[in-house]
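Reading through the structure tokens given below for one structure.
The values are calculated or read from the model by the stated rules, or taken from the named source; none is laboratory data. What you see is a predicted model, and the numbers here were worked out from it, not measured in a lab. Cβ coordinates were reconstructed from backbone atoms using ideal geometry, including for glycine residues, and neighbour counts include every protein chain displayed. Each accessible area value is taken on the protein alone, full model and side chains, heavy atoms only, with ligands, DNA and RNA left out. Shrake-Rupley method; radii C 1.70, N 1.55, O 1.52, S 1.80 Å.
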Amino acid sequence: RGPSAARLLGDQAGGGGVHHICDRGGETLSEFLARAAELGPERARELVEMGAIYHLPREQFEVFSAAFENKERARSEKPSNYRRPARVVDAGFTLAEGDYVRVHARPKTYPRAREVDWAQRVLHQTEHFLVVDKPSGVPAHATRDNLYENTLEQLKLMFAGEAWGRELRLPHRLDVDTSGILVVAKSGEVAGQISNSIKAGFALKRYAAAVQRDQTRAQDDRLASGTVLEHYQLRQKHVPHTFVDKTTEEGAKQCLLELEDVRNLQQPNVESSK
């Protein structure tokens, strides 16, 4: 929904958000959002500051849009001048006629990120990296529609006075709901070295998880201490990793999960806890 001032593009540019083409050059981003996306000035400024707005110049958008006419081909055969929409955090950014703007009007928020005492979460620090205890409920890095409410950005803000503060990089990640240890590199070079070590299998990751077994199914004999579970993943850029059969997919990566200790936990008495 929107006035005739902007052309709604639907979902061809990758989904997520509302897609607009700027029809009036010389407007600032905040002015365009207030007019074409029907956002109030305050809300428009909040979305820009949160990192929920993306932009692509007209000539680059034509290439970007054409690449998605055939999504399967676009995954492997992108032209040399292909560019993805870039996040814009300046509400005064001036648009040109024909520019592409993507608006995430309802970004997912993670208020826990602003509540955490991050100084207490730094467990160890060296010349090259930090060791941080990431809490549950906080992304490891920026999400598509939220630039600031995440572990990496909060650490950058905390260490803004350091020469390396804005250079912090994540060589690995943890899911939003997962708490645990993150190694945060102080430079891109160190991040690359750590990432390569992980890919080469030099890092051992240990997880502790409480899971509920489906009582309607028979006990799975594989879920015992010492069991090693094996699966294969095909990893591709810009698309989710997929589970594959190692005999049919070239380049599939072996993943091993050893169940070091499996035990039954006493379930809480739901009735007595009410």
When you go through (1) within 17 Å of His104 (Cβ to Cβ); (2) modelled with pLDDT of 90 or more; (3) not β-branched (Val, Ile, Thr) one by one for Gly15, which number turns out not to apply?
-> (2)
With respect to Leu229, is the statement that it is modelled with pLDDT of 85 or more and open to solvent by 100 Å² or more (accessible area, probe 1.4 Å) true?
-> no
Complete set of residues in the range 185-204 that are among the aliphatic types (A, V, I, L, M) and touching a Lys or Arg at 6+ places or on another chain (Cβ under 7 Å) = Ala185, Ala191
Would you mind telling me which numbered condition in (1) closer than 30 Å to Leu47 by Cβ; (2) in contact (Cβ under 8 Å) with a residue 12 or more places away in the chain Gly161 fails?
-> (2)
